[in-house]
Amino acid sequence: MLTLSLTLVRHGETQYNREKLLQGSRNSSRHIRQGVDSLLSETGLQQAEAVGKYLRDIHFNNVYVSNLQRTIQTAEIILQNNTHCPGTEMTLEPLLRERGFGLAEGRPKEDLKTMANAAGQSCRDYTPPGGETVDQVKLRFKKFLKVLFKQMWDEYGSSRPGASTEASEVGMFENDTAAAASNFGLGGFADDGLQGVPVHVLVVSHGAYIRLAIKHLIEDLKCSLPAGVKTSQLFSPCPNTGVSRFIFTLTWSESGPVLSVARCVFTNRKDHLEHLTTAE
């Protein structure tokens, strides 16, 4: 048995975010508009610095980052601020890239709504020509989880001292997670849900991708939810450098490590941005 935390962070603001323009992933097809791979704006750099300071005391064992410039910049700043792992090497993972928006790349978000209306679909379900479907993005996240669980088990599972967690330790973990979850939506500490969890993973990705990842964890994998939290809170848009956290317990099967328990601690937390909002 192995328990690990997954902390999801969206990248900081870019100029495209500020101007409400769509930026997804580059598409290699010569028939499709090239995707946007922009850098952080000045505000985005400040947001990355703020979330780095917020997470500074968490010892991340592994760091996985979408291989686009805005996520790499954000992850670098988070690690520079971290007291435990400033020299940690990040793993650049294409499976974490933003949803591709095809012909809508670089255009105002209102254009996507117009295109969806013309097709008689909701904006969230609509796929622009050359873009990725919701199911395709979910499939990428499912592949990432499979890779993650295998790597975590190989590194910290069967060879880790005390890997066969005792029932008393599991009970302590459940109580701690429940206590942290009770503060959902009311702010909280950066280490909420982490007490008693031996392995911590940081993932830096993108807004649409994180929303679909959370929906997969909650709707498809039946992740347990904090008490009294509305689904609308869980699925609300993730702000730039918004933080979400899940706790996974893995067990071994003949086919490899499998997920036995998944819990949501919080989603889309933005406590660290309050002083930036005030300053503006």
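Tabulated data for the structure shown
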item	result
Residue among Leu225, Leu217, Leu221 that alone is without any contact (Cβ under 8 Å) to a residue 60 or more places away in the chain, farther than 21 Å from Ala48 by Cα, among the hydrophobic types (A, V, I, L, M, F, W, C) and crowded, with 19+ Cβ neighbours inside 10 Å	Leu217
Evaluation of Ser182 against (1) at pLDDT below 95; (2) of a type in the set (Ser, Thr, Tyr); (3) within 16 Å of the chain's Cα centre (by Cα) (one fails), failing number	(3)
Members of segment 73-90 found to be at pLDDT 90 or above and either crowded, with 23+ Cβ neighbours inside 10 Å or within 26 Å of Ser41 (Cβ to Cβ) (or both), listed by number	Gln73, Thr74, Ala75, Glu76, Ile77, Ile78, Leu79, Gln80, Asn81, Asn82, Met90
Unmet criterion (only one of (1) over 12 Å from the mean Cα position of the chain (by Cα); (2) modelled with pLDDT under 95) for Ala208	(1)
Output for segment 1-44, where each listed residue is modelled with pLDDT of 95 or more and more than 29 Å from Lys113 (Cα to Cα)	Leu2, Thr3, Leu4, Ser5, Leu6, Thr7
Strands (runs of 3 or more DSSP E) (entirely within segment 188-280) containing at least 3 residues that are more than 20 Å from His84 (Cβ to Cβ) and aliphatic (A, V, I, L, M)	256-269
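The values are calculated or read from the model by the stated rules, or taken from the named source; none is laboratory data. Bear in mind that the values here come from a model prediction, so they are computed numbers and not experimental data. Note that each Cβ is placed from the backbone with ideal geometry, even for glycine, and that neighbours are counted across all protein chains shown.
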